[in-house]
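Right, one structure below, let's go through it.
No lab work stands behind these numbers, since they all come straight from the coordinates. All values reported here derive from a predicted model rather than from experimental measurement. Reconstructed Cβ throughout: ideal geometry from the backbone, glycine too, with neighbour counts over all protein chains shown.
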Amino acid sequence: MEPKTEFNLDIYQVKKSVQALQAFLDNTSCQNHLLDKSQQICLLITLWKVPKKDQTIRVPLPHGLRTESAEVCLFTRDEPNMTADQTERFYKKLLGQSGVRNIPEVIPFNVLKTEYKPFEAKRRLLGNFDVFLADARIRRRLPSHIGKHFYERKKAPLSVDLESKRLARDMERLIQGTTLNVTKKGPCCMVRVAHTGMTTDEIIENIVTAINTTSSKLHMKEKSIKVIHLKSHTSVALPIYTSDMSHLTLLEEEMKKARLAKGALIMKNEKNTETLSKKKNTEKVLKKTLAIEAGAVEKVEEQDETLQFMPAEFPSKKRKLKTLNTAGATKSPKLVASTRNLKHGQKRGQKNLGKNAQKGSVQTKLPSV
């Protein structure tokens with residue numbers, strides 16, 4: 001019975017790749033006995049574009065990655081008015097009442113801060129458990145207390161809502177399922193979907209469900225997956241899906257629309273800056289003109305005030321003579337001679353007039369007969 005595919009996936013190609021990978025892993029395990037027989041099988045997903053935001057996708061699998069004997073640890077919050085032992089018993093009782101089959105090891109948050117503060121204690125805790133779960137109420141407070149090794153080993157605590165009505169189902173999906181971390185650092189991401197202890201049909205079902213859930217939950221529009229490869233940690237990547245090249249036209253159209261929208265925004269911003277700069281320039285010019293006018297008015301008023309208090313000056317005789325002499329120096333010699341003759345004539349006439357006046361006065365003084 002072939003599994004249903006919402007994604008355009010060729011089941012025959014997937015089956016061929018799974019069988020080839022299983023044959024390769026069987027050969028390598030026979031050659032090297034130190035190699036672990038239960039190796040993880042992963043999907044390498046390559047996207048068309050680098051995502052703009054980080055995203056964590058939880059993928060519930062029909063066939064669990066872990067056995068029922070898997071060691072699970074649960075970090076819980078500290079209940080008020082309870083000691084560490086009382087909180088541990090309280091949450092174990094809550095899990096048992098909810099129907100959880102394999103009750104995990106419960107560690108309250110206060111115990112994690114005090115008893116697992118040294119580096120060696122954290123390393124031992126990391127090696128003792130296969131899966132780590134965390135109460136959703138304290139999930140954000142954990143990274144500073146557990147250290148970076150949990151994230152490097154891909155054992156970061158998974159958030160679970162302990163107040164949920166379907167707690168058993170949620171915990172089962174988290175323990176037996178897998179998670180896909182999509183980052184904005186690059187277009188590639190990897191997710192574990194099976195192990196070598198499974199049959200071919202079980203691996204195919206897990207692959208199909210993982211691809212369908214990731215394609216539906218990705219925040220990217222249209223067809224976002226470019227290529228999907230199947231691989232283990234020691235094998236080469238075997239392609240099981242390749243997107244159609246017709247999708248490139250859609251991507252080009254989207255890129256053109258984005259560029260046009262970006263160009264329109266840039267033009268709008270430039271116009272706004274130009275109008276603002278024009279307004280600023282006009283304001284500066286108006287301020288300068290007003291300042292110049294105000295300065296000119298003040299100067300005129302100062303000049304008027306100074307003119308009121310200055311004494312009136314009249315030209316003296318010496319200044320007049322100087323002006324005449326300077327004017328005469330520029331004249332021609334003929335004009336100078338004529339002016340001299342006129343002056344002598346005037347003087348002679350004045351003398352004659354004076355003599356005649358003296359004679360008349362003498363005649364008037366003689367007594368009449």
Item to complete: Would you mind counting up the charge near LEU174? Only other residues with Cβ under 11 Å from its Cβ, with Lys and Arg at +1 and Asp and Glu at -1.
Response: +1
Worksheet item: Rounded to the nearest 0.05, what FRET efficiency do HIS145 and THR289 have when you use their Cβ-Cβ distance and R0 = 56 Å?
Response: 0.25
Item to complete: Find how much the distance from VAL236 to ARG169 grows on full extension, using 0.36 nm per residue of separation minus their present alpha carbon separation; answer in nm with one decimal.
Response: 20.6 nm
Worksheet item: ASN281 to SER38: extension gain in nm, 0.36 nm per residue of separation minus the Cα-Cα distance?
Response: 79.9 nm
Response to the item:
Flagged as over-length at 31 Å C-alpha distance, from LYS122/LYS223; LYS16/LYS154; LYS113/LYS217, the pairs are LYS122/LYS223; LYS113/LYS217
Worksheet entry | Theoretical gain in end-to-end length, LYS262 to ALA136 [0.36 nm per residue, Cα-Cα removed] | 41.4 nm
Response to the item:
Per-residue Cβ contact counts at 10 Å, fewest first, order ILE11, ILE292 as ILE292, ILE11
Worksheet entry | For the range 122-200, with +1 on Lys and Arg beta carbons and -1 on Asp and Glu, the positive-most of PRO187, SER144, GLY197 along the dipole | SER144
Discussion item. Give me the net charge for the shell around HIS149: Cβ to Cβ below 10 angstrom, other residues only, Lys and Arg +1, Asp and Glu -1.
Written reply: +4
Item to complete: With unit charges on the beta carbon (Lys/Arg positive, Asp/Glu negative), name the residue among TYR91, VAL106, VAL131 whose Cα is farthest towards the positive pole of the charge dipole of the range 66-176.
Response: VAL131
Fill in: GluC sites (Glu not before Pro) restricted to DSSP loop in the range 105-212 with at most 10 other C-beta within 10 Å
GLU163
Discussion item. Can you give the local net charge around VAL59? Use residues other than it whose beta-carbon is closer than 13 angstrom to its beta-carbon, Lys and Arg +1, Asp and Glu -1.
Written reply: +3
Response to the item:
The answer for the per residue Cα convex hull volume of the range 66-176, in Å³, is 99 Å³
Worksheet item: Could you give the dipole magnitude of the range 66-176 about its Cα centre, charging the beta-carbon of Lys and Arg +1 and that of Asp and Glu -1, in debye to the nearest 20?
Response: 360 debye
